[in-house]
1. With within 22 Å of residue 104 (Cα to Cα) and either in a loop (DSSP other than H, G, I, E, B) or modelled with pLDDT of 90 or more (or both) as the only criterion, which of 203, 210, 192 stands out?
2. Regarding region 240-247, can at least one residue be identified that is hydroxyl-bearing (Ser, Thr, Tyr), out of contact with any Asp or Glu (no Cβ under 8 Å at 6 or more places or on another chain) and surrounded by 14 or more Cβ atoms within 10 Å (Cβ to Cβ)?
3. Given the residues 35, 23, which is the only one that is out of contact with any Leu (no Cβ under 7 Å at 6 or more places or on another chain), modelled with pLDDT under 85 and either under 16 Å from residue 260 (Cβ atoms) or in a helix (DSSP H, G or I) (or both)?
4. Say whether the condition of being surrounded by fewer than 21 Cβ atoms within 10 Å (Cβ to Cβ) and within 30 Å of residue 348 (Cβ to Cβ) is met by at least one residue in region 230-237.
5. Inside region 407-433, can you point out the residues that are part of a helix (DSSP H, G or I) and hydroxyl-bearing (Ser, Thr, Tyr)?
6. Note down all Cβ pairs under 8 Å where the first residue falls in region 252-280 and is in contact (Cβ under 8 Å) with a residue 12 or more places away in the chain and part of a helix (DSSP H, G or I), the second is of a type in the set (Phe, Trp, Tyr) and buried (at least 18 other Cβ atoms within 10 Å of the Cβ), and they're at least six residues apart or on different chains.
7. Looking at region 62-85, I want the residues that are over 17 Å from residue 386 (Cβ atoms) and charged (D, E, K, R) and have a partner that is modelled with pLDDT of 90 or more and part of a helix (DSSP H, G or I) with Cβ atoms under 7 Å, at least 6 apart or on another chain. Which pairs are those?
8. Please name all residue pairs, on different chains or six or more residues apart, with Cβ atoms under 8 Å, provided the first residue is in region 297-320 and is farther than 27 Å from residue 436 by Cβ and the second residue is of a type outside the set (Asp, Glu) and assigned to a helix (DSSP H, G or I).
Amino acid sequence: MTPNTAINTPQNGSQKMPKGIPYIIGNELAERFSYYGMKTILVVFMTQYIISRSTGKIDPMSEADATTWYHYFTMANYFFPIFGAILSDVLWGKYKTIITLSVVYVLGHVALAIDDSRLGLSIGLTLIAMGSGGIKPCVSAHVGDQFTKANKHLLEKIFGYFYFSVNLGAAASSLLTPVLLDKYGPHLAFGVPGFLMLVATIVFFMGRKVFIAVPPVGWKQYKNDVFSKQGKKAIGNLALMYVFVAVFWSLFDQTGSSWVLQAEKMDRFVNLGFVKFELLASQIQAINPLLIMIFIPLFTSFLYPAVNRFFKLTAPRKIIIGMFIAGFSFALLGIAQISIVSGATPSILWQFFAYVILTASEVMVSITGLEFSYTQAPNSMKSFIMGLWLLSVALGNFITAQVTSRLENIIVIGTPTYFWFFAGLMFVTAFIFMLIASRYKEESYIQNREEKPKPLGNDEVLDMETVDNK
């Protein structure tokens, strides 16, 4: 079935939330639990649990190999969005693309859950990359499509809720799946995220009758839009920005690889006075989504308005500041790594403070970039531009994988130089981007839907209007 395209005109203006939003948020919550639950334990699984099909015995990967696998998988996961975007915009529309590729996504989890060898790992990660990657640009663009000119001012709040649901799912799964892996092994640890992905698919299917669906434009119109003056301008401007943002993702996604490997060598015992416990190395990642849920309202309701009184925080400026901040998190871990290579066992608090810094930068780079990408994309290219945004994540992980595999004798993982290299790379990139971004001229494109007197069957034609943001 296809979603209902009937128009829900906001009553008395603009505070009415679209009916499809709860289903999208619920889907995202379960899907992110699924994805991050699997990803959180991936490096630990590869270095401690993976078996040989020939012997049936544990055959662990080296830290460098596991890190390379991890970042190539993440790269693929953010490379496939561009194909999902084209499928969505040209052929299927966002709803059909999401629901179809979600099935592929579920099958990937099944492969990981039943086969804990390199073959199962390869098949599972490939299917998950295709499924998860393919739906990424469609889901975020589908959120924006639910809004009209009348309630477009709610977009920032909804993207905040959207990102909040992402991190609530990530926090819960980051705490739970390492315990499942440690206590019950990889079959159950990968199986639970697979079940949650099935739940996510069902929740999204339940919203099909209330979603606003922007139909695909077809290849001819799509080609004309992409190669139009407006399309080429948007792609050129945003693609240049995304190249610089890729370096941020090169740092950020190492929370699941080099940061986990460093945490294995730290004192992870936590004493809160009323309770004492020891964290598993992969559980430390839960700090990030927990902090995100605190920082989102803190930044949007207090910090941004306060700074705007003295200095206008445009989207590019937020991203630049966030990129500079990210570099300091790696510099801090470089100092902690000195203690480790000297034979000491530094406290996990080093990573906690690094997470505080990195999460602050994530709010300024990732959330801002997500909303900015949607508003800068011409109406018929929403998913495509979201795909380009996600391609910057793929490029960032490709950078990390190349440094880890090709420069492993120069920039050795597990040394202070490794962390300082990425800190320096981030600082230099942010400075260059600051010089280039000053010339960017912002625009805004929001879907505008008007009810037509002669609907085609159960569907109604959707009008698109460009709204200039002066």
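1. Result: 192 is the single residue among 203, 210, 192 that is within 22 Å of residue 104 (Cα to Cα) and either in a loop (DSSP other than H, G, I, E, B) or modelled with pLDDT of 90 or more (or both).
2. There is at least one residue in region 240-247 that is hydroxyl-bearing (Ser, Thr, Tyr), out of contact with any Asp or Glu (no Cβ under 8 Å at 6 or more places or on another chain) and surrounded by 14 or more Cβ atoms within 10 Å (Cβ to Cβ).
3. 23
4. No, that holds for no residue.
5. Correct list: 417, 418, 429.
6. Short answer, once both residue conditions are applied: 254/422; 255/355; 256/70; 258/418; 258/419.
7. Hits for this filter: 63/47; 63/261.
8. From region 297-320, the pairs are 297/160.
The values are calculated or read from the model by the stated rules, or taken from the named source; none is laboratory data. Everything numeric in this text was worked out from a predicted model, so none of it was measured. All Cβ positions, even for glycine, are placed from backbone atoms using ideal geometry, and neighbour counts span all protein chains on display.
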